1. If you scan segment 31-51, which residues turn out to be in contact with a helix residue (DSSP H, G or I) (Cβ under 8 Å, 6 or more places away or on another chain) and either of a type in the set (D, E) or in a strand (DSSP E or B) (or both)?
2. Here are some conditions: (1) farther than 26 Å from F134 by Cα; (2) modelled with pLDDT of 90 or more. L87 meets all but one. Which one does it not meet?
3. Out of all the residues in segment 23-42, is one or more surrounded by 15 or more Cβ atoms within 10 Å (Cβ to Cβ) and free of Cβ contacts under 8 Å to residues at least 40 places away in the same chain?
4. State the number of residues belonging to segment 135-160 that are closer than 16 Å to L70 by Cβ and modelled with pLDDT of 95 or more.
5. Any idea which of N15, N20 is over 15 Å from the mean Cα position of the chain (by Cα), closer than 14 Å to N133 by Cα and surrounded by 17 or more Cβ atoms within 10 Å (Cβ to Cβ)?
Amino acid sequence: MFQTMKDIHVLLNANLNSSNEELVKHAKTLCSPRTHGSMTKYGLGLVPGSRLINDSTESFQSVLSGDVKLYSVNAPEILGSINAMALTDIRVIENIRVRKGLHGLELHIPEPSIVDQPCKLQKCETIYFIVGNFQGEEALFTWHPGPPLAVLNPLTAVKW
């Protein structure tokens, strides 16, 4: 059970030092600021280790798949913004494209329409972490500002 940001930092460090090359490669993508979809100006290293985190798994069970846990923390210092929304909430779908993201294919809108503009760059101080088992090791799967959108299926969320 994770209680503070130090626990998240320790997990990420363990993933970076794993003997599993695939896990190490993935963990390296989580060390810097988020730059695709919901973004941050700074990385997790800026969030103090003493900061308490919350287990948010139960609140988002409907969008989580598999045996994963969801944690959240208030982290205004990393300047997060929500730049993604559920595919079902997009009003003008003609502009949606598929691109190769850091972890595979993802949906995106190169230029959000006027209809979808209100969601663009919405500030968000709450950061969410998804933790689960990766080939027998506990792993930090992802982190991002804002609540999860069908977390483990990237083709149900649209980024800009």
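The values are calculated or read from the model by the stated rules, or taken from the named source; none is laboratory data. Because the structure is predicted, anything quoted here is derived from the model rather than measured. Glycine gets a Cβ as well: all are built from the backbone with ideal geometry, and neighbour counts include every protein chain shown.
1. Scanning segment 31-51 gives a single hit, T40.
2. With (1) farther than 26 Å from F134 by Cα; (2) modelled with pLDDT of 90 or more applied to L87, the lone miss is (2).
3. Yes, some residue in segment 23-42 is surrounded by 15 or more Cβ atoms within 10 Å (Cβ to Cβ) and free of Cβ contacts under 8 Å to residues at least 40 places away in the same chain.
4. 3
5. Being over 15 Å from the mean Cα position of the chain (by Cα), closer than 14 Å to N133 by Cα and surrounded by 17 or more Cβ atoms within 10 Å (Cβ to Cβ) holds for just one of N15, N20, which is N15.
Yes or no, residue by residue, for (1) over 18 Å from G146 (Cβ atoms); (2) acidic (D, E):
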position: P33; (1), (2): no, no
position: S38; (1), (2): no, no
position: G45; (1), (2): yes, no
position: D55; (1), (2): no, yes
position: S59; (1), (2): no, no
position: D67; (1), (2): yes, yes
position: S81; (1), (2): no, no
